[in-house]
Amino acid sequence: MIVFVIVIAVVVVIAALLVVLEVQNVRRRRALSHLEPVDPRVGERAMTEASAAHAVTEGTAKAAHPGITGGAGGPLG
């Protein structure tokens, strides 16, 4: 009997959690409904710019400290 009550309690808790999450999702959708659909090219452009900035930063860091990556050789090389 105790196991039956525990199983029912777990099911009720999971159902309550799903209801709360769905209510929050509906509120979020209503709050953001005024926004226009996003152009996918904007995200692609941002990722390209971020990748380019990262490459420049990484290249500058490797040029300033050539021995860190091992590409420039070590003191014995």
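Restricting attention to segment 1-57, report how many residues are in a helix (DSSP H, G or I) and either charged (D, E, K, R) or on the phi > 0 side of the Ramachandran plot (or both). Selection size over segment 1-57: 9. Being open to solvent by 100 Å² or more (accessible area, probe 1.4 Å) and of a type in the set (A, V, I, L, M, F, W, C) holds for only one residue in Val20, Val12, Val7, Val38, and it is Val38.
The residue list Thr69, Thr60 contains one member that is part of a helix (DSSP H, G or I) and modelled with pLDDT under 90, which is Thr60. The selection criterion, being of a type outside the set (A, V, I, L, M) and modelled with pLDDT of 90 or more, holds for Glu22.
The values are calculated or read from the model by the stated rules, or taken from the named source; none is laboratory data. The shown structure was predicted, so the numbers you read here are calculated from the model rather than taken from an experiment. Heads up: the accessible areas ignore ligands, DNA and RNA and are worked out on the full protein's heavy atoms, side chains in. Shrake-Rupley method; radii C 1.70, N 1.55, O 1.52, S 1.80 Å.
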